[in-house]
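Visitor: Before we start, here is the structure in question, set down as structure tokens.
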Amino acid sequence: MKAICLKQPGGPEQLYLGEAEKPVCGENEVLIEVHATALNRADTLQRQGKYPPPKGASDTLGLEAAGVVKEVGKSVSNCQVGDRICCLLGGGGYAEFVKVHAEHVMPIPSDLDFYEAAAIPEVFLTAYQAIFKIARLEKEEKILIHAGASGVGTAAIQLAKSVGAEVFITASKPKHSLCLKLGADHAIDYKSQQFDEEILEITKGKGVDVLIDFMAASYINQNLNVLALDGRMVLLALMGGIKAKEINMAQILAKRLQITGSTLRSRIDAYKSNLIAGFKRDFLSEFETGKLKPIIDSIIPWTKVVEAHKKMDANLNAGKIILKVK
């Protein structure tokens, strides 16, 4: 089959459309003909040799896909050949075909096409896990979402607003309008404003109850400043570095803060199955009503994968970059 291959770890120019072995469907798996996949930061890190796939996962990039079921394993009962599905993957999405655990697929809502569906699994499940399973966001609490215009950010805004939270985001000024349109109550320009000072002023010194962070070291002290009493922070990435020179540990103790790091790709199959089942139960129908929607920056033919990765590396996207496979 055709697949996006990697010459060697490095920049986007190392990617090319080549050949790979077509996967064989296992007993509890389904084989999907991929119509669309989507870029994630994890893809750019794997391309650079910094984020190897979990044991047993495909070496091909791609953590989500949308397409049509072509084969089902003998123990599979939740879907059948011909179904339109989207799925969460450990790898392999940048290909004509991919196999996936049957419990890691979701039916595509009837009003969505394959490109919109490919923008759902990784970012909405990551946001759902962080906000509700880890941080336990409640109605009328305040939440700060960094990188509000990113794929996870745009999903997180919508999910948080759906339960009545007050949403703060950080993003560059040109991306504020998108975040506010999705429901964010307050948008802060991280390039020209100190987000902790702005939020503490707006909240009259209280701060936020929940914080979703992707920056790590470069934001740690401002994050501690802005968290309220009993605040919960979920760290999802390390874009701002892994080592901070000084951390005010007293704030963690005095404010009874909880700081949790989380990834999704390396979780065991059973965890992912339970997470997906919960998301399907709680939120999948909201795509039918239009209360939730995947946010797409651009749809790019997979033959132009180098261009797509350059765009993400330059942080030029607002929402998901989709690769059109079929």
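The values are calculated or read from the model by the stated rules, or taken from the named source; none is laboratory data. Predicted model, so just to flag it, every value in this text is computed and none were measured. Positions of Cβ are generated from backbone atoms using ideal geometry, with glycine treated the same way; all protein chains shown enter the neighbour counts.
Visitor: Looking at the structure I just gave you, is K133 surrounded by fewer than 19 Cβ atoms within 10 Å (Cβ to Cβ), in a helix (DSSP H, G or I) and in contact (Cβ under 8 Å) with a residue 24 or more places away in the chain?
Guide: Working: surrounded by fewer than 19 Cβ atoms within 10 Å (Cβ to Cβ): yes; in a helix (DSSP H, G or I): yes; in contact (Cβ under 8 Å) with a residue 24 or more places away in the chain: yes.
Yes; evaluated as a whole, the condition is true for this residue.
Visitor: Right, next: Go through (1) assigned to a helix (DSSP H, G or I); (2) free of Cβ contacts under 8 Å to residues at least 24 places away in the same chain; (3) among the charged types (D, E, K, R) and name the single condition K55 misses.
Guide: (1)
Visitor: Another question, then. Scan the stretch 28-52 residue by residue and report those that are part of a strand (DSSP E or B) and among the charged types (D, E, K, R). I'd like the intermediate steps shown before the answer.
Guide: Narrowing the stretch 28-52 to residues part of a strand (DSSP E or B): 29-38.
If the condition is that a residue be part of a strand (DSSP E or B) and among the charged types (D, E, K, R), then E29, E33 are the ones that fit.
Visitor: Oh, and also: Scan the stretch 19-42 residue by residue and report those that are within 11 Å of Y94 (Cα to Cα), among the small types (G, A, S) and either more than 19 Å from the chain's Cα centre (by Cα) or not assigned by TED's automatic domain parsing to the domain that holds V105 (or both).
Guide: The one that is within 11 Å of Y94 (Cα to Cα), among the small types (G, A, S) and either more than 19 Å from the chain's Cα centre (by Cα) or not assigned by TED's automatic domain parsing to the domain that holds V105 (or both): A20.
Visitor: So which helices (runs of 4 or more DSSP H) are wholly in the stretch 261-321 and hold at least 2 residues that are within 19 Å of L88 (Cβ to Cβ) and in contact (Cβ under 8 Å) with a residue 24 or more places away in the chain? Outline the logic, then answer.
Guide: Details: elements: 269-279, 285-289, 305-313.
In the stretch 261-321, the matching helices (runs of 4 or more DSSP H) lie at 269-279, 285-289.
Visitor: Of everything in the stretch 281-326, what is more than 16 Å from the chain's Cα centre (by Cα) and among the basic types (K, R)? Give them in sequence order.
Guide: If the condition is that a residue be more than 16 Å from the chain's Cα centre (by Cα) and among the basic types (K, R), then R281, K291, K304, K310, K311, K324, K326 are the ones that fit.
Visitor: Follow-up question, since we're still on this one. L229 - would you say it is at pLDDT 95 or above and buried (at least 20 other Cβ atoms within 10 Å of the Cβ)?
Guide: Values: at pLDDT 95 or above: yes; buried (at least 20 other Cβ atoms within 10 Å of the Cβ): no.
The answer is no for L229.
Visitor: Quick one: which strands (runs of 3 or more DSSP E) lie wholly within the stretch 151-232 and hold at least 2 residues that are closer than 23 Å to L39 by Cα and in contact with a Leu (Cβ under 9 Å, 6 or more places away or on another chain)?
Guide: Working: elements: 166-171, 186-189, 208-213.
Answer list for the stretch 151-232: 166-171, 208-213.
One line per residue, one yes/no per condition, for (1) surrounded by 15 or more Cβ atoms within 10 Å (Cβ to Cβ); (2) among the hydrophobic types (A, V, I, L, M, F, W, C); (3) more than 22 Å from D113 (Cα to Cα):
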position	(1), (2), (3)
S58	yes, no, yes
A65	yes, yes, no
G73	yes, no, yes
D83	yes, no, no
L88	yes, yes, no
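Visitor: Another one. Name the residues in the stretch 12-27 that are in a loop (DSSP other than H, G, I, E, B) and of a type in the set (D, E), would you? Break it down into steps so the answer makes sense when it comes.
Guide: Just the residues of the stretch 12-27 that are in a loop (DSSP other than H, G, I, E, B), to begin with: 20-27.
Those that are in a loop (DSSP other than H, G, I, E, B) and of a type in the set (D, E): E21, E27.
Visitor: Just to be sure I understand the filter: pairs with C-beta atoms under 6 Å, separated by 6 or more residues or on different chains, first member in the stretch 30-49 and closer than 14 Å to P301 by Cβ and touching a residue at least 12 places away in the same chain (Cβ under 8 Å), second member assigned to a helix (DSSP H, G or I) and of a type in the set (S, T, Y). Which pairs pass?
Guide: Listed by first residue and then by second, the contacts come to A36/Y115.
Visitor: Please enumerate the residues belonging to the stretch 71-124 that are of a type in the set (D, E) and either assigned to a strand (DSSP E or B) or within 16 Å of E286 (Cα to Cα) (or both). Reasoning before the result, please.
Guide: Going through the stretch 71-124, the residues of a type in the set (D, E) turn out to be 71, 83, 96, 103, 111, 113, 116, 122.
Of everything in the stretch 71-124, those that are of a type in the set (D, E) and either assigned to a strand (DSSP E or B) or within 16 Å of E286 (Cα to Cα) (or both) turn out to be E71, D111, D113, E116.
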